[in-house]
Every structure is written in C-alpha cells, then in structure tokens.
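Read-outs throughout are calculated quantities, based only on the coordinates presented, and are distinct from any laboratory measurement. These figures come from a predicted structure and were not determined experimentally. Note that we place each Cβ from the backbone using ideal geometry, even for glycine, and neighbour counts take in every protein chain shown.
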C-alpha cells in the first residue's frame, strides 16, 4: 500500500493532474491541425502555390541553421512542459492559445495551400545528412504561416511574460526564437513570407487570451474539467 502511494506521488510530481487535459488538447489539436489539412489537400488533389519572392531565390542553405531548426523541438517541448505544470490557469492558457492559433493555421493551409522548391542535397556532411532526414520526414507543404515560427514565438512569450523569469532567460529565449525563424528559410523549409505570418498569428492569439473576457472563458473551460478547483 505504501509503495502504491509513493508511485502515485512520484507520478503526480512528473505529471500533475491539472496538466493532463491541457496536454491532451495540445497533442490531439496539433495532430489534427497539422495532418488534417495535408490529408484533405491530398485527397482533393489541390494545386499548391509557391509564395517565394526574388529574395527567397537568392537565399541558399546555411548548414549550421539545420542544427538550430532541429533544436526548436526540445525548446518547444521543455517550455510547454514547464508552463503547463505551473498551475491550472497557466496550463489552460498555453494549451488553448496554442490549439486555437493552430486551428487558424489549418484553415490557411487549406485556403492557401503553399509549397516550396527544395534544393538537391549532394553533400554528405553531418548537417546535410540531418537536413535530408528533415526533408524525408516533412513534406514541403503546410507552409503559410510557419508553425516553426508560431510555436517558437509562443514559447518566447511564455518566458517573457513570467515575472520571476531572469532577464538573461528572457533575452536568450527571444534570440533563440529569432534564430529558429531564420533557420526556416536557411534550411529552405519555408519562404520569407511564412515567418511574419507565423509570428503574427502567435502574437495575436497570445494577446487575445490576455483580455479579461477571454481569460474568464478559459477559466470556465478549465472548471468544466476541474470542477473542484477554486
């Protein structure tokens, strides 16, 4: 019996009860927003548009940015985990901001199905091998707005808005978010227009969920799943 209680206690420290539902929202919301439009566009045999400009064509692949592009994933997951586990209000704000912004992205992926012409990778260097894996696992669509930029900007805003977060961490998160945005074009995963679009969507939804009526709505939603919480 004591062992069982200890196991429950350890599990609750790793995954507090208040973050389970928001985490499920994140997982299923992100999967639906990312794969849904892709499957729909494929099923309808949609024609994709290339939104690259003259400047995009002059930008080549810069190898070091491949590492930054990949490091975006642990940055997102760690920030999300730490923010979700703080308390119920933080968890639902992050989850609903993230998922609602992805819903808009999904609509845009369907309304404006875009693509990009990727370069042929002939080098066998470490960075180019990683880039080949990225290309093989991520089809060149679902580009406008950039999910990479949107996700990174939301993580930056999470850290920046925390009163107790040290100044160096806030600055570092901004720098890293900007570098991730740059990596999307230097890996030829996105075109320049995708970057401000992703940042704008993230900023609008983050600010919108700071408005009092929206905060009240988020609180009501959280109480549906945690009626005993104050």
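Annotation for segment 61-95 versus segment 157-212: alpha-carbon center distance of 11 Å. If a/c stays under 1.5 just call it rounded; otherwise compare a/b with b/c (prolate if a/b is bigger, oblate if not). Do that for segment 169-208, with a ≥ b ≥ c from the square roots of the Cα gyration tensor eigenvalues. Verdict is oblate for segment 169-208. Peptides 78-89, 93-104, 116-127 ranked from most to least packed by the mean count of surrounding Cβ atoms within 10 Å: 93-104, 78-89, 116-127. Taking the C-alpha atoms only, the angle from helix 194-208 to the longest principal axis of the chain is near 20 degrees. Take each peptide in 30-38, 18-26, 63-71, count the other Cβ atoms within 10 Å of every residue, and average; sorted highest first, the result is 18-26, 63-71, 30-38. Angle of helix 212-225 to the longest C-alpha principal axis of the chain, folded into 0 to 90 degrees and rounded to 10: 70°. Between the helical axis of 64-84 and the longest alpha-carbon principal axis of the chain there is an angle of about 20 degrees. With the highest mean first, a sort of the peptides 147-155, 187-195 on other beta-carbon atoms found within 10 angstrom per residue produces 147-155, 187-195.
Let me make sure I get this right: for segment 135-220, a, b and c are the square roots of the gyration tensor eigenvalues over alpha carbons, sorted descending. Under 1.5 in a/c it's rounded, otherwise prolate if a/b > b/c, else oblate. Which is it? It comes out oblate by the Cα gyration axes.
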